[in-house]
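Read the structure below first, then the notes.
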Amino acid sequence: MRQKLRSFEARALPHGRRDAVRQVLLFAGAYALYQVVRGLVDGNDVAKASWNATKIIDLERTLHVFVEPSIQAWASNVHWLMDGADWIYLNMHYVVTVGVLIFLYTRRHDSFCFVRNSFMIAMAIALIGYAVYPTAPPRLMPEWGFTDSIRQFTGFTVEDHSVKALLNLYAAVPSIHVCFAILVGWPMAKLVRRPWLKALWLLYPLLITFVVVATGNHFLTDAFLGAVTAAVSMQIAGRLLARARPQAWSFGGPPSEAVSTATG
């Protein structure tokens, strides 16, 4: 029995218990710091946040892409679709993200550190966005035809919650939901072999984009900037950090020249 446990631990924890605990603490600490700083940045200026959201609406109207109220209205007319979107918004963002990180650490550790570093960079970039451009989410702008579907689904909103003081209600730009969806969707699409699984992982960010728009939590501009944040984060992780430690921080393991140098 003990031998089986050791064998399972060797497969599940490729670098031992200590490294696994270190990674958990690193993620937990970084995410906690991200949430605290997010709550402390300038998110209390309601007038500024509403004005910034109005400017986004003006931009989208100029570009003829201000379709969010129509999308939400259409989804609201399909009861099961809106309930599904609300549930996905509240749960899948965390479940899928954590699940993928666990999978990468235990099964594809050669890509885990690249994804981890991308997440850390993305959270830092997002905090800059929240500080520089606090923006009200669409659900707080009923005058433009938006409704708070999450409140209708759960019966409460974060505005009513006891941890309101620790949250920034106007941290909409960029959309971290879309950003995280790309940071897990793209690596998984590259790693899985079956075509239908690749297609599902490539479609996952699009699903999350629909969800954040249909639930009234983000504009399309927020989603686009979330995608840009993910792309920039992966570029920094791949082109800068991975060069510093190619054997540990490259996606899919070190490039062949790095291996030959290290073994030579």
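All of the numbers you see were taken from the coordinates with simple rules; none came from a lab. Everything numeric here is computed off the predicted structure, so don't read it as measured data. In this analysis, Cβ positions are derived from the backbone assuming ideal geometry, glycine residues included, and neighbour counts consider all displayed protein chains.
General observations
- Per-peptide packing, taken as the mean over residues of other Cβ atoms within 10 Å, places 222-231, 62-71, 182-191 in the sequence 222-231, 182-191, 62-71 from highest down.
- With neighbour counts taken as other beta-carbon atoms within 10 Å, the residues 233, 50 rank, fewest first, as 50, 233.
- Once both labels are positioned 7 Å from their Cα atoms along Cα-to-Cβ, the gap between residue 131 and residue 97 label points is 2.0 nm.
- With R₀ fixed at 51 Å, the C-beta to C-beta distance from residue 106 to residue 65 puts the FRET efficiency at about 0.80.
- Calculated FRET efficiency, residue 37 to residue 58, Cβ-Cβ distance, R0 = 41 Å: about 0.90 to the nearest 0.05.
- Taking the number of Cβ atoms within 10 Å of each Cβ as an exposure proxy, the fewest-first ranking of 114, 153 is 153, 114.
- Listed by Cβ neighbour count within 10 Å, with the fewest neighbours leading, 89, 170 appear as 89, 170.
- Linear extension gain, residue 210 paired with residue 48, 0.36 nm per residue minus alpha-carbon span: 55.7 nm
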